[in-house]
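Take a look at the structure below.
The values are calculated or read from the model by the stated rules, or taken from the named source; none is laboratory data. None of the values given here were measured: they were computed from a predicted structure. Positions of Cβ are backbone-derived with ideal geometry, glycine not excepted, and every protein chain shown enters the neighbour counts.
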């Protein structure tokens, strides 16, 4: 019996030893670096989003430092993992604000975490550039009739941009009966509200409105129900795994209507044979090769995609990597323009004009802490095993 | 409550009093507030497991009822945090009776199964009942707790509040254990049939301790949302229930002090495991499994063992060298 | 809603239900011989799926070989789990053992994440994607594979337990461990075997399920939860009842989602669990006198 225990202890020790080299220390720079905090869901249910975000900010940190830093001063990005759980987000915020004394924070990844983080940063007067999509995180109490938080910004396009883009496309194609299916996450719930409230503006009737939990894998019962309502289009809005399965399961039960996905679909991992023909609004990062070289974003997107895929050869660049890119550069630009203290960064962020990022061109103002316009989205489809711009394919 | 426990309580008070002298950083204080909140749940759960021999896989559900009641009433209906906390306890007691009455009349671990179902139902409902709870995204802006006109907002004051509540609950629980109820509970854990034959109303005592532990979880839930100033379903799933059990097991079942230590360790541990990046779940599992296998009586069991070992060594030595 | 929709819902339900049944049976087998509720049961399904992914995509095994190798490996993992984590303990309490299975499930998830990463992985369906039309409903062929494989396994298991010596010994140990020991049954071997069979069942479920729903490191727990419900509803001691409970849970979930609403889908199984515990705690398919003798 001793042998078993020894064997077990041995296995554990080896495991530990395998992991230790993963955490090496960085070399000390002469001048103390500018510390920027980052909180992403590197593990947990939103790991597919948080992983690329983390990769991106660390890559950009290295690029900036290799180029001599900001006005000669290096930057250090301290990444915390919140696993998508708000309690961890709050702990991480406390850690970054009070222990590490960061000048600004980027992230978190998920909408719920963004809503939890915003009031804390506001109170501590630390600028937060969120990578979560939902617009309500910018307002106290999720109430968009109130005035915006002063210290909270975000990089992804608004849910309303996405809903409008999808409905406009429905209208163009003459669809009037659509079915909604959303994940029960903060992102899905926010999308559901947007879709519900905007349908009538486009003369669209919602014939089915279903939800599924984050760990759902079998959607066929829901799809069967939807099928009996004969919708002309089905809109799925979620960031969870099921969005990769839904196209295949629609084929399985012979539900043949146009499938729209939200901007949460912008991950190459979801490209499957069944997903051919899916339509979804996305930033142009996914379809760099299709966009015209005269486009403002062209060179930025081309360079970022190239950098990312060179550094991480197993991965294709995703929208979420882009959110990390935009957030960090917004902060870095604000530091360059205004100085590296919390208050100056806040003012700098708010004064951002014509910053060409991956999600679009940012023009912030005291009443707009997102700074993107509807044209930040383009309709994208899956064709021939890759994401393609709809306009370029047709 | 024995003399030993008076000394321990006094020591506990001193530690609480002086800890902020050494730990002044807000971040560490905030983590310690979480530890105190979990300690309150752990004390109750430890009584249920160690003394009534029952396991609950759904204490996150009671934690959630307390949390959501406090958050909703204080934010949207302008209740005083204390009022809201008490209403939360009332709801929780009601829910605990609903789950406990049918399942605790039976012998065996039916409570474990019923609470598992109950906890998950509360978790799913808190995400689905959007009209009441604002759904999966939760809401922020829960006011800070206020006592006698003072708003308890800084990390330091929250630290003192939470740990003083924990101390009061500890003293209360120790008194219960050393009373008639406690003796009855221990007899149940020893031999249920025998204690029944001796005239102990087994089911009654089991339900009482279960309801008590649920009420403590509810209080902790209220403190939790006032500390986070935010509430959402993610904090209340099965993982949280399992985390509570882990705290008890690692501290040592049946030892209330062990429960507090377990709560502190498993709140602080993940903060230090952060260095392992993506692989902290692997480390967490390994540490946990090792602990469960090699320290079946938890850390308090280990300390007792070490003390006994040292004492016996010392005794034999003094005997050999008169 | 037409007849075709009902047929469609029936097939969805019976498919996921048969997976629940496999997990539930795994719970039951270990519980019967040891009294442990093995909360790592769902991880065996997850490991089955992910090992199959490696066999098929990295090692390029053909599908039958993938199936065999995967089930064999998961069985070995289950056995090793018993040898390293459960067996070495002296005088363990049932609570302690349950906690160990929780810890093991977290560790297995961690290891799976370490090896396969966080993404979903898939393997191709066993025989194409062309749906078969059954009275108006279109049923993917993988559904028939899942049902076929699982029911074959169940029948083999039934025959073994009914007609072979080892099967009889397993049943005897389940009925009374001490008595089984007294009549000369090697209880130690039976316990080991029960872990092996449970893990194997999980492995089978994982391989057949993955082509339909993909697989990732965190899929085990939700499945374990549903399987656990089925075990309790079936009555913790009755294999046929457990299988029927699993199938029923799947069907009820599917029909409630399809006919009523999807918002509370995941509560249904748990709600049934609570109702059964309150109304007939011995389970739907077991005699209450039997249940009184249970330790857990």
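Taking the stretch A:116-133 as the search range and keeping residues that are within 8 Å of chain B (Cβ to nearest Cβ) and touching a strand residue (DSSP E or B) at 6+ places or on another chain (Cβ under 8 Å), which one is surrounded by the fewest Cβ atoms within 10 Å (Cβ to Cβ)? Show your work before the answer.
Taking the stretch A:116-133 first, the residues within 8 Å of chain B (Cβ to nearest Cβ) are A:116, A:118-120.
Now restrict to residues that are touching a strand residue (DSSP E or B) at 6+ places or on another chain (Cβ under 8 Å): A:116, A:118-119.
Working: A:116: 32, A:118: 29, A:119: 20.
Looking at residues that are within 8 Å of chain B (Cβ to nearest Cβ) and touching a strand residue (DSSP E or B) at 6+ places or on another chain (Cβ under 8 Å), I get A:119.
Could you count how many residues in the stretch B:130-146 are more than 14 Å from chain A (Cβ to nearest Cβ) and surrounded by fewer than 15 Cβ atoms within 10 Å (Cβ to Cβ)?
Final tally of qualifying residues: 0.
I'd like to verify a number: residues in the stretch A:219-230 that are surrounded by fewer than 24 Cβ atoms within 10 Å (Cβ to Cβ) and either under 19 Å from residue C:120 (Cα atoms) or more than 7 Å from chain C (Cβ to nearest Cβ) (or both), how many?
So the count comes out to 2.
Taking the residues in the stretch A:347-386 that are over 21 Å from the mean Cα position of the chain (by Cα) and not in a loop (DSSP other than H, G, I, E, B) as candidates, determine which candidate is surrounded by the most Cβ atoms within 10 Å (Cβ to Cβ).
The qualifying residue surrounded by the most Cβ atoms within 10 Å (Cβ to Cβ) is A:348.
Within the stretch C:126-143, restricting attention to residues that are over 22 Å from the mean Cα position of the chain (by Cα) and away from chain A (no Cβ under 11 Å), which residue is farthest from residue A:254 (Cα to Cα)?
Only one residue tops the list, namely C:127.
Looking only at residues in the stretch B:175-191 that are closer than 16 Å to residue B:210 by Cα and touching a residue at least 60 places away in the same chain (Cβ under 8 Å), which one is farthest from the chain's Cα centre (by Cα)?
B:188
Of all residues in the stretch C:107-136, which are over 18 Å from residue C:48 (Cβ atoms), at pLDDT 80 or above and surrounded by 18 or more Cβ atoms within 10 Å (Cβ to Cβ)?
none
Is there any pair linking a residue in the stretch C:207-221 that is farther than 17 Å from residue C:108 by Cα and more than 9 Å from every other protein chain (Cβ to nearest Cβ) to one that is modelled with pLDDT of 85 or more and assigned to a strand (DSSP E or B), with Cβ under 8 Å and at least six apart or on different chains, and which?
C:210/C:121
Looking at the structure I just gave you, is residue A:267 assigned by TED's automatic domain parsing to the domain that holds residue A:192 and closer than 27 Å to residue A:46 by Cα?
So residue A:267 passes the test.
Can you tell me which residue in the stretch A:61-88 is surrounded by the most Cβ atoms within 10 Å (Cβ to Cβ), limited to those that are more than 9 Å from chain B (Cβ to nearest Cβ) and within 20 Å of residue A:132 (Cα to Cα)? Walk me through it before giving the result.
Pass one, the stretch A:61-88, residues more than 9 Å from chain B (Cβ to nearest Cβ): A:61-78, A:82.
In the following step, the residues that additionally are within 20 Å of residue A:132 (Cα to Cα) were identified as A:77-78, A:82.
On the way: A:77: 24, A:78: 18, A:82: 28.
Selected residue: A:82.
Answer yes if at least one residue in the stretch B:280-299 is away from every other protein chain (no Cβ under 14 Å) and surrounded by fewer than 22 Cβ atoms within 10 Å (Cβ to Cβ), and no otherwise.
Yes, the conditions are met somewhere in the stretch B:280-299.
Tell me whether the stretch C:117-125 contains one or more residues that are part of a helix (DSSP H, G or I), under 22 Å from residue C:18 (Cβ atoms) and more than 14 Å from chain B (Cβ to nearest Cβ). Walk me through how you get there before you give the answer.
Our first condition is that a residue be part of a helix (DSSP H, G or I); within the stretch C:117-125, this holds for none.
No - not one qualifying residue is present in the stretch C:117-125.
Which of the following residues is at the interface with chain C (Cβ under 10 Å from one of its Cβ atoms), farther than 23 Å from residue B:239 by Cβ and not in a loop (DSSP other than H, G, I, E, B): B:101, B:116?
B:101
Considering (1) crowded, with 21+ Cβ neighbours inside 10 Å; (2) under 17 Å from residue C:10 (Cβ atoms); (3) more than 9 Å from every other protein chain (Cβ to nearest Cβ), say which one residue C:283 fails and leave the rest.
In the conditions (1) crowded, with 21+ Cβ neighbours inside 10 Å; (2) under 17 Å from residue C:10 (Cβ atoms); (3) more than 9 Å from every other protein chain (Cβ to nearest Cβ), residue C:283 misses (2) alone.
Okay, residues lined up against (1) farther than 24 Å from residue C:213 by Cβ; (2) touching a helix residue (DSSP H, G or I) at 6+ places or on another chain (Cβ under 8 Å); (3) in contact (Cβ under 8 Å) with a residue 12 or more places away in the chain:
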site	(1), (2), (3)
C:79	yes, yes, yes
C:84	yes, yes, no
C:106	no, yes, no
C:126	no, yes, yes
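Just a yes or no: is a residue in the stretch A:198-213 buried (at least 22 other Cβ atoms within 10 Å of the Cβ), more than 14 Å from chain B (Cβ to nearest Cβ) and at pLDDT 90 or above?
No, the stretch A:198-213 has no match at all.
Would you check if residue A:219 is modelled with pLDDT of 90 or more and either in contact with a helix residue (DSSP H, G or I) (Cβ under 9 Å, 6 or more places away or on another chain) or closer than 21 Å to residue A:51 by Cα (or both)?
Against the criterion (modelled with pLDDT of 90 or more and either in contact with a helix residue (DSSP H, G or I) (Cβ under 9 Å, 6 or more places away or on another chain) or closer than 21 Å to residue A:51 by Cα (or both)), residue A:219 does not qualify.
Tell me which residues, restricted to the stretch A:273-299, are under 20 Å from residue A:362 (Cβ atoms) and touching a helix residue (DSSP H, G or I) at 6+ places or on another chain (Cβ under 9 Å).
The answer is A:281, A:282, A:283, A:284, A:285, A:286, A:287, A:288, A:291, A:295, A:297, A:298.
Mind checking which residues of the stretch C:201-222 are crowded, with 24+ Cβ neighbours inside 10 Å and within 17 Å of residue C:98 (Cα to Cα)?
The answer is C:220, and nothing else.
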